[in-house]
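Before any comments, here is the structure.
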Amino acid sequence: MTDNINTPTDEYHVASLVAYCMQDQIGEVTQAINAIEGAEIHATSVEGKIVLTLEGESHKTIGKKMDQLRIHQGLINLSPVYHQVLDEGQ
């Protein structure tokens with residue numbers, strides 16, 4: 001089985017994550033999340049905890065989006081909570 005990020009599939013992936021960021025950089029991290037296609041913030045705390053989801057067509061696209069966030073200097077930790085795969089071809 002090959003998993004090429006450029007090959008269209010009938011799969012739909014959604015992953016929920018919790019991001020912990022520095023309190024003084026909540027705004028910057030929030031902007032970085034909002035800049036990613038398929039990302040949605042569901043809750044933010046003043047302590048720097050952000051609950052978000054990422055959507056994509058493969059586990060690789062989810063991973064690449066997570067990698068985009070991980071490099072942000074204000075992000076302390078990014079923890080996946082849940083990942084669901086749906087086959088929309090059925």
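The values are calculated or read from the model by the stated rules, or taken from the named source; none is laboratory data. Since this is a predicted model, take the numbers as computed values, not measurements. No Cβ is skipped: glycine too gets one built from the backbone with ideal geometry, and neighbour counts run over all protein chains shown. Ligands, DNA and RNA are stripped out before the accessible areas are found, and what is left, the full protein with its side chains, is counted by its heavy atoms. Shrake-Rupley method; radii C 1.70, N 1.55, O 1.52, S 1.80 Å.
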Matching residues, the range 9-35, being touching a strand residue (DSSP E or B) at 6+ places or on another chain (Cβ under 8 Å) and part of a loop (DSSP other than H, G, I, E, B) = D10, M22
task = Run down E47, E40, E28 and say which single residue is open to solvent by 70 Å² or more (accessible area, probe 1.4 Å), within 24 Å of D10 (Cβ to Cβ) and charged (D, E, K, R).
result = E40
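Quick check, is N34 closer than 30 Å to D87 by Cα and at pLDDT 95 or above?
yes
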